[in-house]
Amino acid sequence: MTRFLFRHLVTLDLVPRLIACVVIGSAKVWLLSLWSVCIATIPVPWILGANATIQEQEQQSVESVEFAWVEGQSIGIAEVQFLLSRLQPVTDSDRILLGQWSQVTADSVTADSVTASAEAVDAVVDAEIPKNIIDAAVEKWVQRLVVLSFLAKNNLAISQEQAESDVRRQDAALVEAGTDLATYLRRTGLSRESYVSHRRWEMSWQEYAAKKVTDESLQKYFQLHRIHYDGTRLKVAHIILLKTKTVNNGLVVGEEAEVLVQMEKLNTLRTQVSQGKLTFAQAAAANSEGASAQQGGHLCWIDRGGPMVEAFNRAAFSTEKGQISEAFPTAHGVHIVKVLEVENGVIPYLKVKEQVRIDALADLWRLIVSKHEDNVSVRRRP
């Protein structure tokens, strides 16, 4: 720095002026002159560069925010952006998340390989990601690491060395295409460590799922849940307590206490009806806040795909004829539903095999996460 200043002082012929200040003996003049000279001689690009560095550091501090940790591995905004750029609509939660994310980006951002388009990645990086989508994406990444932990502890996962080898193979393929993995990861902000972990989870899960979800197991799954697939229709009645708060991810997310109070009230009504203290129609007329209250809560015929929302259909099709479901939330409020009549469907397994496979995989995934998460060190940022 000293050499830098002296070189510029000489160049600007300012050294004599400084000497004169010293000779005059004015310390104040000396200091003021030195300050003005320093400012005058520092190149503008150098100042701007320092400012840019500060801005970069501020940006890095934002990008380094960590939302959760699983077995010591952190999940930050880079993992969120990477997941959103490659999101596939497999489970119901995937479809909800993808639908919400598509509304943010005005397009579906999906990719199934490391060679995802630059446009897809940039759409994620440039977009302002809403908090509810960040939370859902973080939860999905947490679940992936929980599943990977389960597979690894049961010797069902590929090794770390196999994952590293696969990443090197991908890198070589990208080099042949005129780019490399490092460039791709810089674009997404993802570390190589996180990417290797992602590939280990992805390859391990694909291998495990292929062994567990066979055609034989899918046919058994279909028989157990055929009412969800064979076109069966239900005649139902319901009691609803309307929501007063906002909706997030398709579910009521108002005051948690309010939702719990509504669910407790409806479960109490359910018990009273089951014990014969009053009929479902009487309970609906006295308590339901829906348009069908005075009709005993009666609704139209429904099938598994509609016209009611998924949460309602799922509850209804999980309830036996003549029975009443437990209270459950939807985007409209909190409900209980009674199945009045059943019209059996005739759609065969082969017609719905792909949907059966998707649902069986989703159930397998949920089972692993629910049973194994308590055995994994998971910490979420408050």
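The values are calculated or read from the model by the stated rules, or taken from the named source; none is laboratory data. Owing to the predicted nature of the structure, the values given are computational and were not obtained by experimental measurement. Every residue, glycine as well, gets a Cβ built from its backbone with ideal geometry; the counts of neighbours run over all protein chains shown.
Tell me whether the range 329-339 contains one or more residues that are closer than 30 Å to SER149 by Cα and within 23 Å of the chain's Cα centre (by Cα).
no
Out of the residues in the range 312-332 that are of a type in the set (Gly, Ala, Ser) and within 21 Å of LEU278 (Cβ to Cβ), which is surrounded by the fewest Cβ atoms within 10 Å (Cβ to Cβ)?
Going through the qualifying residues, I end up with GLY322.
Which one of LEU278, LEU224, LEU241, LEU269 is within 21 Å of ILE368 (Cβ to Cβ) and modelled with pLDDT of 90 or more?
LEU224
On the given criteria, is ALA331 assigned to a loop (DSSP other than H, G, I, E, B), in contact (Cβ under 8 Å) with a residue 24 or more places away in the chain and outside the structural domain of GLY76 (by TED's automatic domain parsing)?
For ALA331, the condition - assigned to a loop (DSSP other than H, G, I, E, B), in contact (Cβ under 8 Å) with a residue 24 or more places away in the chain and outside the structural domain of GLY76 (by TED's automatic domain parsing) - is met.
Looking at ALA123, ALA182, ALA118, which one is farther than 17 Å from GLU71 by Cα, modelled with pLDDT under 95 and over 23 Å from the mean Cα position of the chain (by Cα)?
The conditions single out ALA182.
Residues of the range 154-172 being hydrophobic (A, V, I, L, M, F, W, C) and free of Cβ contacts under 8 Å to residues at least 40 places away in the same chain, which ones? Let's see the steps before the verdict.
Of the residues in the range 154-172, the ones hydrophobic (A, V, I, L, M, F, W, C) are 156-158, 163, 167, 172.
Within the range 154-172, VAL167, ALA172 qualify.
Right, VAL346: at pLDDT below 95, touching a Leu at 6+ places or on another chain (Cβ under 6 Å) and either surrounded by fewer than 16 Cβ atoms within 10 Å (Cβ to Cβ) or of a type outside the set (Asp, Glu) (or both) or not?
Working: at pLDDT below 95: yes; touching a Leu at 6+ places or on another chain (Cβ under 6 Å): no; either surrounded by fewer than 16 Cβ atoms within 10 Å (Cβ to Cβ) or of a type outside the set (Asp, Glu) (or both): yes.
No.
Going through SER377, SER370 one at a time, which residue ends up being among the small types (Gly, Ala, Ser) and within 19 Å of the chain's Cα centre (by Cα)?
Details: SER377 fails: within 19 Å of the chain's Cα centre (by Cα).
The match here is SER370.
Condition test on LYS338, is it surrounded by fewer than 16 Cβ atoms within 10 Å (Cβ to Cβ), more than 14 Å from LEU241 (Cα to Cα) and modelled with pLDDT of 90 or more? Even if it seems obvious, please write down each step before you answer.
On the way: surrounded by fewer than 16 Cβ atoms within 10 Å (Cβ to Cβ): no; more than 14 Å from LEU241 (Cα to Cα): yes; modelled with pLDDT of 90 or more: yes.
In short, no.
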